[in-house]
Each structure stands twice: as C-alpha cells, then as structure tokens.
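Since the structure comes first, as structure tokens, the remarks are kept for the end.
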Amino acid sequence: MERKININRYKCACCGACIAVCNFNANEIINTFLEIKDKNCTLCFSCIKACPFRAIELEE
C-alpha cells in the first residue's frame, strides 16, 4: 500500500508553517485550503513536524 500525507481540514489553519519548511515545493494554499502535491512530496516529514495544529499526518 502506498503511503501519503493526509491533511485534516478541520485542524488546518493555513498558517504556512509547512510551506516554510518544505524544500520540495510540495505544499501550497489554494482557495484557502492546504494542498500537498503528491508528485513533489518525498515524505520527508518536515511538514508534519512543523505543523503547530497537528493537521498533517502520514496515511498508511
């Protein structure tokens, strides 16, 4: 099964902390929602660690 990053939209405040730490340009805010581009995401977990609201999780 493929692993990917999941965003809990109820917890995400679109603060941009995950965008600031991503070295692969995988995170962006589109229409007030955080989106993670799967093709750019390397599962480095930087965004998971940086999220102050614990809105980003690894989905297995």
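Readers should treat all values here as calculations from the given coordinates under stated rules, not as data from a laboratory. Just so you know, these numbers come straight off a predicted model, no measurement behind them. Glycine also receives a Cβ, built like all others from the backbone with ideal geometry; neighbour counts cover every protein chain displayed.
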Measure off 7 Å from each Cα along the Cα-to-Cβ vector at THR42 and ASN25, then give the distance between these two points in nanometres to one decimal.
-> 1.5
Based on DSSP H runs of at least 4 residues, each adding -39500 (n - 2.57), what is the mean residue ellipticity at 222 nm of the chain after dividing by all its residues, to the nearest 500 deg cm²/dmol?
-> -3000 deg cm²/dmol
For region 4-59, what's the relative contact order in percent, using C-alpha pairs closer than 8 Å and at least 6 residues apart?
-> 50
Around GLU35, with a cut-off of 11 angstrom between Cβ atoms, what is the net charge of the other residues, counting Lys and Arg +1 and Asp and Glu -1?
-> 0
May I ask you to list the trypsin sites (Lys or Arg not before Pro) in region 6-60 that are in a DSSP loop and have at most 16 other Cβ atoms within 10 Å of their Cβ?
-> ARG9, LYS11, LYS37, LYS39, ARG54
Partnerless Cys - the chain, beta-carbon criterion under 4.7 Å = CYS12, CYS14, CYS15, CYS22, CYS41, CYS44, CYS51
What size of dipole, in debye to the nearest 20, comes out for the chain about its Cα centre when the only charges are +1 on Lys and Arg C-beta atoms and -1 on Asp and Glu C-beta atoms?
-> 140
Net charge of neighbours whose Cβ lies under 14 Å from the Cβ of ALA17, counting Lys and Arg as +1 and Asp and Glu as -1 | +2
Can you give the direction-averaged projected area of the convex hull of the alpha-carbon atoms in region 4-59, in nm²?
-> 3.3
